[in-house]
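Just so it is clear, none of the values below were taken in a lab; they were calculated from the coordinates. Because the structure is predicted, anything quoted here is derived from the model rather than measured. Quick reminder, even Gly has a Cβ in these numbers, built from the backbone with ideal geometry, and neighbours come from all protein chains shown.
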Amino acid sequence: MVHNVLFDPPIPEGHHINLGNDTIVDTLATIYNPRLFRNLFRVYFTFLLVQYILIYACVPLEDIENRPAICVITCMYTLVMFVINAALLPLCSSTIPTLVSLRCSFVSFVMELIGLVLHITSVVQCLNAGEMFQIERERGHTSTIKTRVDTYIIVFHVLAMCFAALATASVFCLFVICSRALEFINGKVDRRVIKRNKIYEGINSSIEAFVEGQKDYYLV
């Protein structure tokens, strides 16, 4: 079972890490900064949850007059993004970075970046929309009550935009750490394989030289 840096307890100190192909490192610190990696995942997970919570603050159930349609679209996208990124999180947070975790981190980064662009667009549209009103219809009456809510809408969309920016930055940092760690692992494994192949080639050349020497001996 793959160890997870976010959900599993930390690997004890002194426990050797097997990278495959008989390549072993003493500690995770050889590959990346474990504390930074773990804390970044916790921060990103927190920002992801906050984005999900802010969906319900940004989209009231009542009708809003003069609210830009992009606001609702952004909130719906954020909901879909949260479901996908939450599902990818266990794959992204593998203690030993893999190609799968790198790809999942990249997908999460792209989705967060798209969400950030939508949030920025929503804030700009809200600022240019002017007054927005919440429409309330009383039971048994045909009249409606209008309550101005543009300040409420703008404030929560600005908050959502800020947390989207923080989430995008944190998942990008995770992607960079994962990619560099994977480059280190692949380089170390490749060097080990090359060294092992050179040993095999040396043994084979020695055997071939010995066989050729024996042939020359018997020919004499």
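Once the C-beta distance of ARG180 and ILE120 is scaled by a Förster radius of 22 Å, the resulting FRET efficiency is 0.15 to the nearest 0.05.
Placing dummy labels 7 Å off each Cα toward the beta-carbon, the span from ILE135 to ASN39 is 5.0 nm. In terms of packing, defined here as the mean over residues of other Cβ atoms within 10 angstrom, the peptides 124-130, 151-157 line up highest first as 151-157, 124-130. In terms of other Cβ atoms within 10 Å, ASP63, ASP150 run from fewest to most in the order ASP63, ASP150.
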